[in-house]
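Visitor: My questions all concern the structure below.
The values are calculated or read from the model by the stated rules, or taken from the named source; none is laboratory data. This one's a predicted model, so the numbers in the text were calculated from it and none came from an experiment. Cβ atoms come from the backbone with ideal geometry, glycine included; neighbour counts cover every protein chain shown. Surface accessibility is based on the protein's heavy atoms, side chains included, excluding ligands, DNA and RNA. Shrake-Rupley method; radii C 1.70, N 1.55, O 1.52, S 1.80 Å.
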Amino acid sequence: MFSPFAPMRWALAHGRHLELGPRGILMAIVNVTPDSFSDGGRFDSADRAVAQAILCLEEGAEIVDIGGESTRPGAAPVTALEEQDRILPVIEALSGATDAIISVDTYRAETARLAVAAGAHIVNDVHGLQKEPGIARVAAQTGAGLCIMHTGRDREKLPDVVEDQYLFLGRSLEIAREAGVKREAMVLDPGFGFAKETDENLELMARFGELYGFELPILAGTSRKRFVGAVTGREAAERDAGTAATTALLRVAGAAVFRVHDVAINRDALAMADAMLAAGRKVTEREAHAVHPARQE
């Protein structure tokens with residue numbers, strides 16, 4: 001039976017890997033954009049983006065996710081060349097200055113190819129390989145880790161939030177398999193906030209365990225999302241405490257990787273959740289080895 005807490009090897013490009021399962025992993029968001037929903041313009045130069053990425057690593061992130069196009073609803077589209085001009089210098093600089101695991105947030109196959117060549121280890125596709133399926137071939141050919149995200153945008157969703165996950169991500173996994181992506185390279189993302197209302201996001205959190213039918217590690221990206229604001233009454237820049245609460249809850253539910261803006265507060269939330277999970281494992285082991293009175297004969 002699949003256990004989200006059992007050790008799993010996530011195979012990445014350039015001979016790297018991460019162990020997922022026994023403890024939560026933080027992926028820091030660094031948007032090299034002028035218009036992302038909560039930090040647009042803060043890191044829109046290579047120097048500022050690199051400095052922010054290094055700060056995130058110092059605060060406890062193990063992955064830095066570099067994006068060059070905002071995914072917020074209504075954001076202005078950018079060309080592939082604009083996206084590449086924004087992110088490639090950052091990836092090259094980080095790869096040269098640190099041993100960080102670098103993720104590229106893109107749905108474009110050519111951008112992914114260039115990013116891995118520049119030093120990225122993971123491709124993170126918010127369209128679940130279904131906008132440019134060739135991105136799966138890039139991942140297969142380069143050995144990159146692959147984050148495959150569910151989205152409800154630009155299509156008709158099923159009424160049941162979990163059934164829709166299996167419908168959409170099932171197709172994404174077919175694309176990955178046909179392209180030759182190894183199973184140990186794949187992580188799934190249920191796409192919190194992507195064409196999902198507050199009640200749908202909360203139901204997805206409540207039913208998170210149902211996603212383990214995929215038998216793959218799961219990444220959670222709730223950071224500063226609108227549904228966190230709907231619950232807490234906070235504006236985007238003030239949602240880090242609410243985000244940390246979702247991090248702790250979803251870690252207990254089995255999520256493996258957490259994509260966040262504020263690393264420090266989510267590091268503490270993960271530390272508490274992982275400590276509680278470790279204590280629970282000790283209790284289970286102790287009870288398993290205990291000699292019960294009825295068994296002494």
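Visitor: Which FRET efficiency value, to the nearest 0.05, do you get for residue 97 and residue 9 by plugging their Cβ-Cβ distance into 1/(1 + (r/R0)^6) with R0 = 35 Å?
Guide: That gives a FRET efficiency of 0.85.
Visitor: For labels at residue 117 and residue 230 in the simple 7 Å Cα→Cβ model, what's the distance in nm?
Guide: 4.3
Visitor: Using unit Cβ charges (K, R positive; D, E negative) and no other charged atoms, how large, in debye to the nearest 20, is the dipole of the stretch 149-288 about its Cα centre?
Guide: Charge dipole, the stretch 149-288, about its Cα centre: 360 debye, nearest 20.
Visitor: Moving on to the next point. Setting aside same-chain residues fewer than 8 positions from residue 157, which lysines have a Cα under 21 Å from its Cα?
Guide: Filter leaves 131, 196, 225.
Visitor: Under 8 Å for C-alpha pairs, at least 6 residues apart: give me the relative contact order for the chain, rounded to a whole percent.
Guide: Contact order relative to length: 19 percent.
Visitor: Just want the answer: with Cβ charges of +1 for Lys and Arg and -1 for Asp and Glu, which residue in 124, 195, 34 is farthest toward the dipole's positive end in the chain?
Guide: The listed residue farthest towards the positive side: 124.
Visitor: Quick check: residue separation of residue 51 and residue 75 times 0.36 nm, minus the Cα distance between them. What number comes out in nm?
Guide: Result for the pair: 6.1 nm of gain on full extension.
Visitor: Place +1 on the Cβ of every Lys and Arg and -1 on the Cβ of every Asp and Glu in the chain, take the dipole about the Cα centre, and give the residue among 74, 45, 275 whose Cα lies farthest towards its positive end.
Guide: Comparing the listed Cα positions along the dipole, 275 ranks first.
Visitor: How high is the FRET efficiency from residue 290 to residue 252, r the C-beta distance, R0 41 Å, rounded to 0.05?
Guide: That pair, residue 290 with residue 252, gives E of 0.95.
Visitor: Would you be so kind as to identify which of 237, 223, 208 lies farthest towards the positive end of the dipole of the stretch 206-253, taking Lys and Arg as +1 and Asp and Glu as -1 on Cβ and the Cα centre as origin?
Guide: Selected residue: 237.
Visitor: Another question about this same structure. Let me spell out the model: positive unit charges on the Cβ of Lys and Arg, negative unit charges on the Cβ of Asp and Glu, origin at the Cα centre of the stretch 8-291. What dipole size does that give, in debye rounded to 20?
Guide: Rounded to the nearest 20 debye, it is 440 debye.
Visitor: Right, another one. Among (1) 29, 27, 17; (2) 65, 18, 16; (3) 31, 21, 21, only one was calculated for this model; which label is it, if the read-out is semi-axes √(5λ) of the Cα gyration tensor in Å?
Guide: Here semi-axes √(5λ) of the Cα gyration tensor in Å agrees with entry (3).
Visitor: Right, next: With the full set of protein chains in place, find how many percent of the accessible area of the stretch 99-161 is carbon and sulfur; take the probe as 1.4 Å.
Guide: 47
Visitor: Find the Cα radius of gyration of the stretch 95-178, compare it with 2.2 N^0.38 Å by division, and give the number to two decimals.
Guide: Rg over 2.2 N^0.38 Å, computed on Cα atoms: 1.17.
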